[in-house]
Each structure stands twice: as structure tokens, then as C-alpha cells.
Amino acid sequence: LASSVADTWMFFSDVFATDANGNSVTPIAASAPIQATDVVSDAIAPILTNFTLDLSQELLVLQFNEPVDASSLDPTLLQLQSTAQESDPGAESFLLTNGSTLSTLGVSATLQLAVEDLNAIKALRLLAVDQASTFLSAAEGAILDTNGLPSQAVLASAALAASGYIFDDTEPNLVYFELDMNAEQLHLVFDETVDVATFVYNSWTLQSEAASGSGSAVQLTTATPQGGDSTNVTLQLDTMDVYAIKLLTGLAVSAPTTFLAVAAGGVKDTRKSPANGLVGVTLGSGGFVEDTTAPNLVTFAVDMSAEQMTLNFDEPVDASTFAALNIVLQDAVTATQSYTLTTTNSSSTNGLRIVVTMSKTDVDTLQQLESIATSVDDTFVSFSSSLVQDMNGNSVTAIVDGAAQQAALFLNDTVRPQLVSFDLDMTSEILDLTFSETVNATSLQVTGITLQAASTAVAHASHTLAGGQAVAGQVDSTVISVVLDLADLNEIKRKSIARDASTTHLVLEPATISDQNGRALTPLINGVNAKPVTVFVADAVAPQLESYDLDMDTAVLTMRFSETVRVSSLDVTGLTLQTASTAGSGEAHTLQASSSTSASANGV
């Protein structure tokens with residue numbers, strides 16, 4: 001209309017005008033309009049005079065000084081700025097990428113902002129957070145007037161300040177999430193940009209069922225966002241939270257066992273006022289990555305006093321799958337000597353740590369080897385993947401010989417060895433000493449051993465060995481066998497010690513023997529903790545006459561035996577003197593009890 005003579009016609013009624021005398025103008029009927037004789041076209045470009053940003057309705061409303069054709073609006077020629085001058089230090093800006101017009105012809109044009117643009121704007125922390133931080137620049141021709149004239153440019157160096165600003169009062173919504181148990185990450189998708197600094201982590205709960213309060217659940221304690229403000233946020237879960245999730249065998253082992261509940265306000269959007277909190281919701285997992293990562297041994301320690309190994313893993317393991325017989329202790333990364341545990345016990349529960357109590361057999365054997373587990377320098381471990389599984393059934397990463405792992409801590413045996421029991425065989429003349437741990441056979445000092453007739457004994461009822469030695473071939477062991485010296489045996493018998501079990505007790509000096517670490521024996525003290533014999537074998541060997549002397553001047557017969565004999569048992573009527581070695585070939589005389597006495601004490 002009115003762009004040229006061809007589209008410019010006019011009609012009016014008789015009330016349109018009157019002449020000077022008050023006569024009404026002759027009307028021109030609408031059915032017979034009059035054509036213009038000349039038309040001067042509009043040559044003035046439209047000017048943007050003001051604008052309003054409505055973040056609640058997600059609208060940009062533009063006002064012009066003349067009617068414009070809203071359908072001609074090109075959003076990509078509009079730029080929002082945080083300051084009037086784009087070049088100001090720290091200024092932020094965003095050039096729109098899309099949008100749709102909601103108006104047609106008029107002095108205003110309303111643009112529905114694209115979701116992607118809105119989220120990008122909200123991710124910028126200085127742009128359009130209030131009216132004072134909202135400016136608009138526009139390239140020439142961002143819109144056309146009704147005559148097709150392009151709008152004037154609004155320079156980025158002199159952007160137009162917003163005349164109206166409506167805060168975003170819409171709460172963000174969680175629309176989707178994925179849980180990756182391998183990467184230990186939670187991927188969240190919101191319907192608008194959220195401020196990652198406003199996460200309230202204890203408002204977020206992973207649970208095995210949709211209904212809260214049923215099944216297993218872990219409330220998050222903290223997490224680390226892997227990026228800035230966005231609609232798509234990845235949270236790196238806290239290690240302790242991951243451990244807690246894995247320990248609950250019914251939680252987050254599959255998509256159907258993975259739900260996320262979040263309380264209202266669990267995170268906020270990026271607009272400062274009002275501070276919009278997340279709408280509370282419980283969602284099922286939109287994506288789930290199962291834990292297929294093998295657990296790894298991180299460190300281990302050996303405590304030889306407690307006779308325990310402590311194994312520490314990088315994730316919780318299932319204690320019920322632990323098979324300690326896979327453990328090999330060795331002296332180096334590549335073993336020159338190794339030992340596989342044979343019997344162990346563990347009362348550990350599911351978790352990061354397995355504590356193994358080594359059997360006495362294993363501990364004694366290790367101590368006897370003297371080249372494994374004597375210090376941190378010769379304590380290494382290897383094992384197969386059958387050692388243990390994590391809570392999702394993944395087998396541990398094997399540690400092989402050639403890449404054995406060194407102990408992080410080694411605690412040496414600080415416990416002094418103790419005599420557990422002793423046996424005495426007076427027939428074989430062997431004293432067997434059984435200790436609480438392997439002892440060093442070469443450290444044996446028999447002079448520290450005292451046999452006595454009672455737990456509390458006087459001097460004439462006790463005897464400290466003067467001789468004797470370990471049996472031939474004796475090795476380091478928990479049992480040390482001592483061959484008793486004849487002189488000691490005779491003294492023991494003379495003092496009526498070890499006649500039976502009730503008269504057989506033992507005391508020991510600390511220096512009698514030491515363990516593999518040189519620690520002295522716990523002493524056994526007369527009258528305090530003397531040890532009674534456990535197994536006693538009486539002397540079953542008959543004494544033998546080895547020689548005798550006869551003094552006819554003094555009328556004394558002196559006899560020498562292979563061992564101590566009891567004088568009180570002497571029956572002289574059993575003695576016969578004869579003139580020849582063969583009985584009956586000469587004269588003989590059997591002693592008479594009435595004419596024979598002995599002044600000897602017990603002895604040989």
C-alpha cells in the first residue's frame with residue numbers, strides 16, 4: 001500500500017471536509033476511488049528504539065519507530081551484550097543462532113528464543129543476569145520495514161540498553177541421567193543451564209528401586225563437576241561414595257537397579273534472582289555402564305608378630321571369594337626363593353581390605369627359610385587372578401613372578417619365643433623342646449637348661465646341664481632335640497630327678513636359645529613358672545657292671561656301673577665271688593646279708 005501510484009487510491013465521505021462557507025466536500029465512493037497522481041516512497045530505515053528480555057517466557061521483544069515486518073527478522077544478526085561496549089574488559093556477548101517470530105506487522109517484533117541460545121546465554125555468568133547487564137546490538141537489516149527497507153544498525157560499541165527485563169523464575173528440571181560405574185561418573189541432563197557451583201550433593205540419592213525407602217540407597221556426599229555451567233553436567237563421583245555403592249550388591253549393578261532421586265533445590269540455574277532450585281524428581285537410569293574394571297592390589301603389609309598379612313585394594317572386594325592359597329611370598333620381584341601359603345584364615349568383611357591370619361605352619365616355614373619375609377627388602381607378593389573378586393564379580397588383576405609387588409610395610413617379629421612343652425625320654429636319653437616359633441638351632445646353649453624334681457625345687461633336687469648337644473642334623477625349627485650327656489644323666493638319676501612325670505620339671509635361662517631374629521627366650525624360673533613334662537618315657541635300660549675292685553685288707557668291694565644305681569636297692573646276697581671265670585670250676589662264696597653293709601650313696 002502507498003508504495004507507488006499503482007497501489008495508491010483514495011475515497012472519502014462528505015464529512016471529510018467543508019469549504020470556507022461550510023459546504024461539505026463532494027464524496028468519492030469506495031466503489032469509484034481516485035488514483036494518486038504522484039507517490040514519494042518511504043526511504044527512512046526503521047530504528048530499534050528499545051527492547052525487553054523476558055527470560056521467564058524466553059522472549060525478546062523489540063520496539064521500532066515505525067511498523068516493521070516481523071517475519072523478516074533475522075535472529076542471527078542480533079547480539080546480546082553484558083555492556084554497551086563489547087570491547088570492555090571482561091564483557092560477555094552472545095550472537096543468537098536461531099529463534100522464531102511470534103508477531104507479524106507492527107511497531108514491535110517478538111522473538112521466541114531458541115532453547116540452545118537460552119542455555120548458552122545462561123552459561124555466561126555476566127550476561128543478562130539483570131537489566132543492568134543486558135544490552136543489544138544489531139547488524140543493519142536485522143529486520144525490514146513494511147516497505148522492505150532494512151533496519152539501521154545498532155553498533156556493538158554503542159549497544160542499546162534494555163528497557164525491560166524479566167527474571168527467569170522457572171525451576172530447572174532433570175530430564176535424563178546415565179551412570180557409568182567404570183568411569184565412576186554420573187551424567188545429568190537438565191532442561192536449562194544449571195550452576196554447577198550450587199549442587200547440594202546430599203540432596204542426590206542413588207537407589208535400587210523407584211520408591212524411596214525401599215531397597216538399597218546411597219546418598220551422595222560430594223562430587224566434582226567435569227566442566228562448567230551447562231545443561232549437560234558430568235559429575236565425577238567421590239571415591240568413598242563409589243565404595244559405598246559397590247558394597248551394596250543390589251544397587252547400580254544394572255539399569256533396572258539404578259534410580260536417581262533428587263530433592264527440590266538439589267541444584268540451581270544460573271540466574272541470580274530469584275534463585276531457582278531444581279524440581280524434586282526420581283528417575284530411572286537412561287543409560288548404564290556396568291562395572292567391568294578389575295580390582296587391583298594397591299599395597300600390602302606383613303606383621304610377623306601378629307602373623308598377619310594385610311592386603312589393600314583399589315575398590316571393595318567380596319571377602320567370600322577370597323582364596324588365600326593363591327598367595328605366593330617371594331624374596332624379590334623375580335623370585336630366587338618363594339613360598340606359597342598353605343593354610344590361612346580371614347575374618348574380613350567385604351571392603352577395601354583383607355586381613356589374612358597366617359597359619360603357624362606357614363609362619364614357622366617362612367622363619368626357617370630365612371630369606372623371605374625377614375624385612376621389607378625381601379618381602380614381595382604374587383598371585384593369580386583367582387585370589388579375589390570385586391563386588392561385581394570381576395577377578396583381581398594378577399601379579400606374576402617377574403613383576404611381584406613389594407611390601408609397603410614389614411613389621412618384624414618382636415615377640416620372644418616361649419617354651420610350649422617338653423618331652424623327656426630317659427631310655428633314648430633325648431630331651432625334646434617345643435617352642436612357640438622357629439628358633440635358631442645354632443644358638444642353643446644347653447647350660448641354660450635345668451631339670452628339677454618339682455616346680456619349686458631345692459639345689460639337691462635340681463640339675464643344670466653341663467654338657468649335651470642338639471641331635472645330629474638339627475635344623476632351625478620349632479622343635480629342638482637335645483642328646484643328654486652321660487654325666488648329666490647320672491647326676492639327674494642320682495638326685496632322683498626324672499624318675500617319673502611327677503618328678504620332671506624344666507626351667508630355662510633366656511640365653512638358652514633365640515629365635516630367627518635373635519630374640520632371647522622367655523625364661524622359665526624355678527618357683528615361678530617351671531614347666532612340667534608333657535611326655536615322659538622312663539629309663540628302661542638295665543644298668544651294667546662295668547668294673548669292680550676288691551680290697552681284702554679293708555674288706556671293701558667297690559663296683560662301677562654304666563649308670564647311677566640306687567644304693568638302697570643293693571642286695572648283697574645276690575653277689576658271689578669265685579676263683580675262676582667259669583662257675584663250678586673252682587671255689588665260690590655268696591655274700592651273707594648279716595656280714596655285709598654299704599656306705600655308698602646313689603651313684604655309678
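Out of the stretch 226-250, which residues are in a strand (DSSP E or B) and buried (at least 18 other Cβ atoms within 10 Å of the Cβ)? Passing the criteria: S230, T231, V233, T234, L235, L237. Taking the criterion of being open to solvent by 20 Å² or more (accessible area, probe 1.4 Å) and outside any loop (DSSP other than H, G, I, E, B), the residues of the stretch 495-506 that qualify are A501, S502, H505. Looking at the structure I just gave you, is R494 within 30 Å of S305 (Cβ to Cβ), out of contact with any helix residue (DSSP H, G or I) (no Cβ under 8 Å at 6 or more places or on another chain) and charged (D, E, K, R)? So R494 does not fit the description; no. Listed by position, the strands (runs of 3 or more DSSP E) enclosed by the stretch 386-494 that each have at least 3 residues that are modelled with pLDDT under 95 are 430-439. Within the stretch 32-49, can you find the residues that are open to solvent by less than 50 Å² (accessible area, probe 1.4 Å), more than 15 Å from T146 (Cα to Cα) and either touching a residue at least 60 places away in the same chain (Cβ under 8 Å) or not small (G, A, S) (or both)? Of everything in the stretch 32-49, those that are open to solvent by less than 50 Å² (accessible area, probe 1.4 Å), more than 15 Å from T146 (Cα to Cα) and either touching a residue at least 60 places away in the same chain (Cβ under 8 Å) or not small (G, A, S) (or both) turn out to be P33, V39.
Among residues that are modelled with pLDDT under 95, open to solvent by 40 Å² or more (accessible area, probe 1.4 Å) and either assigned to a strand (DSSP E or B) or under 30 Å from L55 (Cβ atoms) (or both), A197 is included. Collect the residues in the stretch 485-494 that are touching a strand residue (DSSP E or B) at 6+ places or on another chain (Cβ under 6 Å) and open to solvent by less than 50 Å² (accessible area, probe 1.4 Å), keeping them in residue-number order. Within the stretch 485-494, just I492 meets the criteria. When P417 is tested against (1) closer than 30 Å to L465 by Cβ; (2) without any contact (Cβ under 8 Å) to a residue 24 or more places away in the chain, exactly one condition is not met: (2). Considering the stretch 154-185, and only residues there that are aromatic (F, W, Y) and in contact with a strand residue (DSSP E or B) (Cβ under 8 Å, 6 or more places away or on another chain), the residue that is farthest from L260 (Cα to Cα) turns out to be Y165.
Assess whether V439 counts as being under 14 Å from I513 (Cα atoms), buried (at least 20 other Cβ atoms within 10 Å of the Cβ) and touching a Gly at 6+ places or on another chain (Cβ under 6 Å). For V439, the condition - under 14 Å from I513 (Cα atoms), buried (at least 20 other Cβ atoms within 10 Å of the Cβ) and touching a Gly at 6+ places or on another chain (Cβ under 6 Å) - is not met. Restricting attention to the stretch 62-91, the residues that are in a loop (DSSP other than H, G, I, E, B) and either among the basic types (K, R) or crowded, with 19+ Cβ neighbours inside 10 Å (or both) add up to 3. Of all the residues in the stretch 22-61, those that are of a type in the set (S, T, N, Q) and in a loop (DSSP other than H, G, I, E, B) number 7. Counting only strands (runs of 3 or more DSSP E) wholly contained in the stretch 99-194, the ones carrying 1 or more residues that are surrounded by fewer than 18 Cβ atoms within 10 Å (Cβ to Cβ) and in contact (Cβ under 8 Å) with a residue 60 or more places away in the chain occupy 164-166, 174-180. Determine if the stretch 313-328 includes at least one residue that is surrounded by 18 or more Cβ atoms within 10 Å (Cβ to Cβ), in contact (Cβ under 8 Å) with a residue 40 or more places away in the chain, of a type in the set (S, T, Y) and under 30 Å from S254 (Cα atoms). No, there is no match, as no residue in the stretch 313-328 is surrounded by 18 or more Cβ atoms within 10 Å (Cβ to Cβ), in contact (Cβ under 8 Å) with a residue 40 or more places away in the chain, of a type in the set (S, T, Y) and under 30 Å from S254 (Cα atoms). Search the stretch 535-547 for residues that are more than 13 Å from M426 (Cβ to Cβ) and in a strand (DSSP E or B) and pair each with any residue that is open to solvent by 80 Å² or more (accessible area, probe 1.4 Å) and at pLDDT below 90 when their beta-carbon atoms are under 7 Å apart and the residues are at least 6 apart or on different chains. Sorted first by the residue in the stretch 535-547, then by its partner, the pairs are E546/R560; S547/R560. Can you find even one residue in the stretch 350-360 that is open to solvent by 20 Å² or more (accessible area, probe 1.4 Å), in contact with a helix residue (DSSP H, G or I) (Cβ under 8 Å, 6 or more places away or on another chain) and either on the phi > 0 side of the Ramachandran plot or not aromatic (F, W, Y) (or both)? Looking through the stretch 350-360, at least one residue is open to solvent by 20 Å² or more (accessible area, probe 1.4 Å), in contact with a helix residue (DSSP H, G or I) (Cβ under 8 Å, 6 or more places away or on another chain) and either on the phi > 0 side of the Ramachandran plot or not aromatic (F, W, Y) (or both).
Considering only residues that are under 22 Å from E491 (Cβ atoms) and in a strand (DSSP E or B), which ones fall in the stretch 549-574? Passing the criteria: T558, M559, R560, F561, V565.
If the condition is being under 20 Å from K122 (Cα atoms) and either at pLDDT 95 or above or of a type in the set (D, E, K, R) (or both), then the stretch 166-187 contributes D168, D169, E171, H187. When restricted to residues that are of a type in the set (S, T, Y) and surrounded by 22 or more Cβ atoms within 10 Å (Cβ to Cβ), the stretch 361-374 contains 0. One residue stands out in the stretch 295-312 among those that are within 19 Å of N394 (Cβ to Cβ) and of a type in the set (A, V, I, L, M): the one that is least open to solvent (accessible area, probe 1.4 Å), namely L311.
The values are calculated or read from the model by the stated rules, or taken from the named source; none is laboratory data. Since the structure is predicted, the reported quantities are computational estimates derived from the model, not experimental observations. Note that each Cβ is placed from the backbone with ideal geometry, even for glycine, and that neighbours are counted across all protein chains shown. Heavy atoms of the whole protein, side chains included, go into the accessibility calculation; ligands, DNA and RNA do not. Shrake-Rupley method; radii C 1.70, N 1.55, O 1.52, S 1.80 Å.
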